[in-house]
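These notes are about the structure you will find just below.
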Amino acid sequence: MKKNLRQKIVIIIGVLLVFLYGAFFGFDTPRFGGDQPMINQLTQHIHLGLDLQGGVHLILKVQVKEAVGTETDNTVARIEQDLKTAKLTFSQVYKPDPTNNPQSIRIEGITSTQSSAVSSLLDSKYSNEYDISGGGNDNSLAVTMKPNIEKALDDKTVQNTIEVIRDRVDTLGVSEPVIQQYGLGDNQILVELPGISDLDRVKTLIQSTARLEIHAVVGGPYPDEQAALASVGGNLPTDEELVHGSGSMATGSDVDSVYVLQRVAIVAGTDFRSADPGTDSNTGQRTVHFTLTNEAGDKFYEYTSANVGHSMAVVLGGRVKEVANIESAIRDSGEIRGSFSQDEVAILSKMLSTGALPATLNYLEDRTVGASLGSDSIKQGVTAAVVGVLLVMVFMLIYYRGSGINADLALFLNLVILLGFMGFSGATLTLPGIAGVILTIGMGVDSNVLIFERIREEVRAGKAPSAAVDQGFAHAWTTIVDTHVTTIVSALILIIVGNGPVRGFAVTLTFGLLANLFTAVYVSRVIFDTHVNNLKPGELVSI
Amino acid sequence: MEFFRSVSVDWLGKKWYFLAFSLIFSVSGIISMAMHWKTIGSPVPLGVDFRGGTEVQVKFSQPPDISKIRAAVEAAGIHDAKIQNYNGSASDEVLISLPEQRNESALDTGRQVVVTALREHYGNPFADSDVKVDVVGPTVGRQLEVKAIEATLLSLAGMLVYLWFRFQLIYGVAAVVACFHDTLITLGFFSLTSQEISLTVIAAILTLVGYSMNDTIVVFDRIRENLRMSRRESLPDVVNRSINQTLSRTVLTSGLTFLTVLSLFVFGGPVLRGFSFALVVGILIGTYSSIAIAAPMLVAWQQWRAGSGGAAVLPAAKRSKV
């Protein structure tokens, strides 16, 4: 019996040391001394949530329809090219509803004799990705992107966006940023940046779509949208669009004009291989020197040689930045002069080298906690925890006398194990998490009370000390299991459903309850057994 | 020291008092929630997590003047902002709430406008690190509402199944009814005191469901044990005895947990106030419901079964395996 006890005590001390280690060092190698006091080591492995250390939390929704739209724009251009090359007549290839249904393309004006030729040409080239239907009496065909291809494109867009955001956020130098897909299938991304307080800077960095595009100019500049519409007879054809901007250096940099541009860009987005800031040697103005990929270079060369004397507009982030006359064919590099700010140029260069955002982002949720408000919360939470723990400990000593020490030791061990769990698992401590710790203290004490009350009953019924302790534990065990399981069930549901801070609460509660199962039953038992062994004959359990 | 050495109270005899007490609180809670529904469209005031919108909390270096702040914000074009002191009227913190924004792409402008207006038109300085902003779009708010309700119902269902498995169906039903009662009264209190429900409050409610269940199980466990030991006592007597035997433990645990939660309520700061309020009310009601609602339900069921001609079977539990 005694040897058994000694073994158990060794096990308990072992557990204590393991979790102490975990709290301070987690899974890393230990470092003693150094320039940081040990208490700082403690907080290094237990990550503080955003509500405690301050930071930015964003939920973004990727407008995947835009990426689909870009893809189908390219397909429209390719279909036109293919039909021209095959010398098949058509009146137009267009998207009837580009905003809401970017996946649908229509070809109209097909003569009935050529209709089957057109169908088979399209089938041979596009049937992997598109469904082709129609060919009835109305001389038109519908080409629609297949749903599974569209879904794959959506997913790829989200993944690409995540990569691009990750790259850009890197420049902020945030330690442990969180950038990941969020929610169930709604194209949402979660971005969490601890320690940053300047939300505006983060948003500019992330959201500048800076889609750099070059479009053919149909008309402009006009002073406003009405004048622009009037120039095309009041009805804007579906392959053209109105874009605001200030591309004319002569009228000064901030005058807003409206241009009528071709909707499909000549080169855009990923066609650009790089962009570097430069200065114009004559005017000292900021410029952007760009290069295109080989494929895009060919396309650009073709276009510019066929359109000498026409204008093209450089559009950045949906605004016209410069309008240039095509003086000669350009292949794959050039310089854009425009009214760029220094930030814009820097961002543009970074964007083009890390990749342009495939689609725009909408913010669904955005929360920032300033660092000093965060540390206020820590202070308050810790004060509450300390007061709570002291109250409980003192009460247990008064009410249960010697066994009160037992309970307090168990409580202390509970806290160490809890901190160790958190250190090992790298879990995040949030303000509700601190509340969870406090709650665990209150509920943890419950198991002790259950056992102690039972032991008191058995003692009152006249049982000898060791039998009383035995019976007390035996009867209390079922109840302890039942109560812990039910609370852990609610905590697990909270982990699934909750957001950051709430999840932190549920995690600390679960760890605390698990720790409690160990200390209340195993550790308490060992301490009681030791105490009972040391009792002189006739002495009663101190409870 | 011992509080309840040999208690012998006839709990079941007082069940009508308990019922009246519960009814008073439930009904006033329900009436208050109905009134809230008519005025603001939801039974309890919803925090920004659920209703969406923008909330800016700023800590100024000098005591803030609410009317000047309102003037500054209105000068920037925002007219229906709600501005109030945060964390007590003596503190330097102010909470500015803007209404729900339907257009997700314009979601952030409110925040920018408020912060700029405060910097430019209202001279009281504050740093970026003294600002806390919550901007929640309508989609997220709605999603969260649905999730929160799902989570609560799922929790209750899970526990019903667990109790059915460990005891008998009627035990599970009685326990779940008690938890429902607790949730209803706690929400009623929020409605009566016009406090906001945020996601952390939902966490507190789920915790109190777990806690109330805890408490009920302790009593049921003792009833099951006593039923096994003595087949000759009537059910009401067994139930009364069980409650009396566990009273010491119940009061102690509730008392201690209540103390820790009270410490949270007093010292924990404004962020946790809703959370700790829910727990303060919840722990008291949770303890009460095990004695006043769950136990009498067991007896009532038995009596109803006996009265309607079914065999007078004591709802003795299945043999426990542990």
(request) Note down all Cβ pairs under 8 Å where the first residue falls in the range A:158-186 and is more than 14 Å from chain B (Cβ to nearest Cβ) and under 19 Å from A:Ala427 (Cα atoms), the second is among the small types (Gly, Ala, Ser) and assigned to a loop (DSSP other than H, G, I, E, B), and they're at least six residues apart or on different chains. (result) A:Val174/A:Gly195; A:Ser175/A:Gly195
(request) Determine whether B:Val173 is aliphatic (A, V, I, L, M), outside the structural domain of B:Ala295 (by TED's automatic domain parsing) and modelled with pLDDT of 80 or more. (result) no
(message) Give me the residue from the range A:304-322 that is in contact (Cβ under 8 Å) with a residue 60 or more places away in the chain and surrounded by fewer than 22 Cβ atoms within 10 Å (Cβ to Cβ) and, out of that set, nearest to A:His289 (Cα to Cα).
(response) A:Lys321
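Does A:Asp186 satisfy the criteria of being at pLDDT below 85, of a type in the set (Asp, Glu) and at negative phi?
yes
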(request) Being without any contact (Cβ under 8 Å) to a residue 40 or more places away in the chain, at the interface with chain A (Cβ under 10 Å from one of its Cβ atoms) and touching a helix residue (DSSP H, G or I) at 6+ places or on another chain (Cβ under 6 Å) is the filter here, so list the residues in the range B:215-235 that pass it. (result) B:Asp221, B:Arg222
(request) Say whether the condition of being buried (at least 23 other Cβ atoms within 10 Å of the Cβ), of a type in the set (S, T, N, Q) and more than 10 Å from every other protein chain (Cβ to nearest Cβ) is met by at least one residue in the range A:405-427. (result) yes
(request) Check the range A:242-260 and report whether any residue there is modelled with pLDDT under 75, among the polar types (S, T, N, Q) and surrounded by 14 or more Cβ atoms within 10 Å (Cβ to Cβ). (result) yes
(request) Say whether the condition of being assigned to a helix (DSSP H, G or I), hydrophobic (A, V, I, L, M, F, W, C) and away from chain A (no Cβ under 12 Å) is met by at least one residue in the range B:243-252. (result) yes
(message) Between A:Val143, A:Val169, which is in contact with a Pro (Cβ under 7 Å, 6 or more places away or on another chain) and either hydrophobic (A, V, I, L, M, F, W, C) or assigned to a strand (DSSP E or B) (or both)?
(response) A:Val169
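Condition check ((1) assigned to a loop (DSSP other than H, G, I, E, B); (2) away from chain A (no Cβ under 13 Å); (3) in contact (Cβ under 8 Å) with a residue 12 or more places away in the chain; (4) not aromatic (Phe, Trp, Tyr)) across all residues:
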| residue | (1), (2), (3), (4) |
| --- | --- |
| B:Glu150 | no, no, no, yes |
| B:Leu153 | no, no, no, yes |
| B:Ala174 | no, yes, yes, yes |
| B:Gly188 | no, yes, yes, yes |
| B:Ala203 | no, no, yes, yes |
| B:Thr207 | no, no, yes, yes |
(request) Exactly one condition in (1) crowded, with 19+ Cβ neighbours inside 10 Å; (2) modelled with pLDDT of 90 or more; (3) within 14 Å of chain A (Cβ to nearest Cβ) is not met by B:Leu284; state its number. (result) (1)
(request) Can you give me the number of residues within the range A:444-458 that are surrounded by fewer than 24 Cβ atoms within 10 Å (Cβ to Cβ), of a type outside the set (Lys, Arg) and touching a residue at least 60 places away in the same chain (Cβ under 8 Å)? (result) 0
(request) Identify, by number, the condition in (1) within 23 Å of B:Asp221 (Cα to Cα); (2) crowded, with 24+ Cβ neighbours inside 10 Å that A:Gly433 doesn't meet. (result) (1)
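The values are calculated or read from the model by the stated rules, or taken from the named source; none is laboratory data. Everything quoted here is computed from the prediction, not taken from an experiment. Methodologically, a virtual Cβ is constructed for each residue, glycine included, from the backbone with ideal geometry; neighbour enumeration extends over all protein chains shown.
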